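Asks: I am attaching a structure below and will ask some questions about it afterwards.
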Amino acid sequence: MKKYTTVNSEKDLGVIIDLLQKANRFIVVTHKDPDADGIGSVLALGKTLSDSGKTTVCMTDGPLQGSLGLLRGAGEIRFNSDGGSTYDATLALDCSSLDRIACCEGRIHRPLVNIDHHDTNDLFGDLNFVDKESSSTGELVFRLIKRAGFPICYDTADNIFAAIQSDTGSFKYTNTTPASLQAAMELIAMGVKPWDVAMRVMDGCQQSRLELLRMGLGSIRFYHQGRIGVMVLTSKMFQEAGADFRESERFVDYPRSVRGVEIAVLVRQTGEDAFKFSLRSNSTDGVAELASLFGGGGHARAAAFELKGSLDIILGNFLKEAERFLDG
Ligand SMILES: [Mn+2]
């Protein structure tokens, strides 16, 4: 089983701050299939650096799905092109490992700076600012910007708030700490409106999301005396609902909210015979370890992996390991 590193990267933090202050050309990226923490963090750090007179390119590997396009300044993000230029550093935000980075044709401009909060982060960077106690990468970016002494504009405050709000499930998951609430307090004091952010980024949705949810709820099954709850979304359901992948965000909270469920699973079809499993644990820490048995990773209570094969077989294999995990 994979061994996790407890990281104290305060040492690198000083070097990273020095780099941000002195270097001039940055490329800022996050993980594949990005979320509001990843994109919010990219936009916040990118805008802060460009406001300080630096050349900064924010990049993803494809157009932003769902409400991610409504984060402030999202229109500035480039898709799969770093312009062919050279950069003084790549800032990788919210990525747990090198292969998770949504990078342009695999091109990394060194030094590679790893800023993240995943339990399974393997310190892939040349410089690492990794704090698994942090609620979100947004919270880390906020800490970094303040430490470096860069001014914070309204859009940046808004994007950092969106990142923290989203990764804490609107300040209710177990990663809702004094530090994350402190950050939220400071951001609200800067003028951020929590309800506006929630309706724009977190909770506001299209009808297609509810069409998809209707089908998803019908698919929920319980296993192992009701201790495991599973929702399955097939490509056909996405098509029928007219919904994209990101619109199923947090659907796993439905099986998760059922009393007695210890592990909730959302299975989403990502290809003809490919499926993404998103795991959430209610009582037991260590679902990242369970996910790592299948080549994935994540946090103590939220993790994911992808498998190829027929759904019946891979779900069966997963349930066997999940039952052993719960009984172990
Ligand atoms: Mn995150």
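Derivation of every value follows stated rules applied to the coordinates shown; laboratory data play no part. None of the values given here were measured: they were computed from a predicted structure. All Cβ positions, even for glycine, are placed from backbone atoms using ideal geometry, and neighbour counts span all protein chains on display.
Asks: With the alpha-carbon atoms as the only input, what is the per residue convex hull volume for segment 119-189 in Å³?
Replies: Numbers: hull volume 6.7 nm³, N = 71.
Per residue, the Cα convex hull of segment 119-189 comes to 94 Å³.
Asks: While we're on this one: If you keep only loop residues by DSSP, which GluC sites (Glu not before Pro) in segment 266-328 have at most 16 other Cβ atoms within 10 Å of their Cβ? Before the final figure, lay out the partial values.
Replies: Working: sites: E272, E289, E306, E321, E323; in loops: E272.
When the GluC sites (Glu not before Pro) of segment 266-328 are filtered for loop state and at most 16 Cβ neighbours within 10 Å, E272 remain.
Asks: Run the numbers on the chain and let me know its relative contact order in percent, using alpha-carbon pairs under 8 Å that are six or more apart. It would help to have the intermediate numbers written out before the result.
Replies: Numbers: 642 pairs, mean separation 46.3, N = 328.
Rounded, it is 14 percent for the chain.
Asks: Can you give the Rg and Dmax of segment 24-96 based on its C-alpha atoms, in angstrom?
Replies: Over segment 24-96's Cα set, Rg and Dmax evaluate to 11.2, 32 Å.
Asks: Taking a quarter of the surface of the Cα convex hull of segment 154-282, what do you get in nm²? It would help to have the intermediate numbers written out before the result.
Replies: Working: hull surface 35.6 nm².
Average projection, Cα convex hull of segment 154-282: 8.9 nm².
Asks: Sticking with this one: Excluding residues on the same chain fewer than 8 positions from K236, give the lysines whose Cα lies under 18 Å from its Cα.
Replies: K276, K308
Asks: Let me ask you something else. Need the list of aspartates and glutamates near K22 for cross-linking: C-alpha distance under 20 angstrom, and skip anything on the same chain fewer than eight residues off.
Replies: Cross-link targets: E10, D12, D51, D88, D126.
Asks: Pop out the Kirkwood hydrodynamic radius of the chain from its pairwise C-alpha distances, inverse of mean 1/r, in Å to one decimal.
Replies: Details: mean 1/r = 0.0495 Å⁻¹.
After inverting the pairwise mean of 1/r, the radius is 20.2 Å.
Asks: Starting from the Cα of K193, draw a straight line to each of the lysines and keep only those under 23 Å, dropping any in the same chain fewer than 8 residues away.
Replies: Partners within reach: K47, K146, K172.
Asks: In whole Hz and in residue order, list the ³J(HN,Hα) couplings for segment 112-126 that follow from phi through the Karplus curve 6.51 cos²θ - 1.76 cosθ + 1.60, θ = phi - 60°; x for Gly and Pro.
Replies: 9, 9, 9, 10, 7, 10, 6, 4, 8, 4, 9, 6, 6, x, 6
Asks: Would you list the P(r) distribution for segment 10-202, with all Cα-Cα distances sorted into 5 Å bins from 0 and each bin expressed as a whole %?
Replies: 1, 9, 19, 23, 22, 17, 7, 2, 0
Asks: Give me the mean projected area, in nm² to one decimal, of the convex hull enclosing the Cα positions of segment 207-327.
Replies: 6.7
Asks: So what is the relative contact order of segment 10-202, in percent, for Cα pairs below 8 Å that sit 6 or more residues apart? Please report the intermediate quantities before stating the final value.
Replies: Values: 380 pairs, mean separation 47.5, N = 193.
Relative contact order of segment 10-202: 25 percent.
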